[in-house]
Amino acid sequence: MRQRFVCRAADRLDRAIAAHTPLSRKRARSLVERGGVRVDGAPARFASQRVEAGAVIEVRSATPARDKVPELPERYRDRDVVVVDKPSGLPSQGTREGGRVHVHGILQAREAYVGLHHRLDRPASGLMLLTLRRPANRAIAEALRRGEITREYLAVVLGDPGPAGTWTDDVAGRPARTRWQRLATRGGVAVLLCTLDTGRTHQIRQHAAAAGHPILGDRRYGGAAGRA
């Protein structure tokens, strides 16, 4: 793999490489040590060195690229927050296996600061709100806690759970609440508008499965029988 990119925000070299390419920070450090990274045409000496916004970074690796950096459309921006449209298949944040681009990392490569306050599962697509200044963190966290920011999702589930309802099963031993309303039914599936009152990991997926109506195509929670 050979990749050349322009760093959009000042950062550590290894972090910038991980954000712009499919390489993990560990792999980036290894490449720097072997002389496989150049900054503005000069060989990089340390993975921890600071690279400024506008620096041209060239990475040469024998490892084939696993992911390309996808488009991440912005739907709203002001001095405190940005709202981006996450595509399906892109993680919200770094994963255990590493070496994958993710929403948080893409934005970290562009901005001086990015705060992550909620997540979408990798298969899901939709809007994510992130902070661009540390002073905004408290206000956003409080707004989420008080329910002043509404999180709504469209889910296609197997079967027909009825016109409306609320799921309240605990998720991972913690209280969880999902309100839902049926929007349409067809061919043995239903389209639900789900509203989160809490934000547990895989909350809608687990609630839907526990109710006997797993999300279509969700192999982890029993929805693989249908075709997405």
In what order do Thr150, Thr168, Thr131 fall by count of nearby beta-carbon atoms within 10 Å, going from fewest to most?
Thr150, Thr168, Thr131
Modelling each spin label as a point 7 Å along the Cα-to-Cβ direction, I'd like the Ser88/Ala143 distance in nm, to one decimal.
2.9
Compute the distance in nm between two label points, each set 7 Å from the Cα along the Cα-to-Cβ direction, one at Arg34 and one at Arg219.
3.1
For Tyr153, Tyr113, which order do you get if you count the other beta carbons within 10 Å of each Cβ and list the fewest first?
Tyr113, Tyr153
Rank these for me by crowding, Arg186, Arg29, going from fewest to most other beta carbons within 10 Å.
Arg186, Arg29
Estimate the FRET efficiency between Arg174 and Ala42 by the formula 1/(1 + (r/R0)^6), using the beta-carbon distance for r and 41 Å for R0, to the nearest 0.05.
0.20
Using 0.36 nm per residue, how much length does the chain from Arg79 to Thr201 gain when fully extended, once their Cα-Cα distance is taken away?
41.0 nm
Read-out Cα Rg over 2.2 N^0.38 Å, derived from the coordinates shown; its label in (1) 1.19; (2) 0.93; (3) 1.14
(1)
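Each reported figure results from applying straightforward, stated rules to the coordinates on display, with no laboratory input. In this text, all values refer to a predicted model and were calculated from it rather than measured experimentally. FYI the Cβ positions are ideal-geometry reconstructions off the backbone, even for glycines, and counts take in every protein chain you see.
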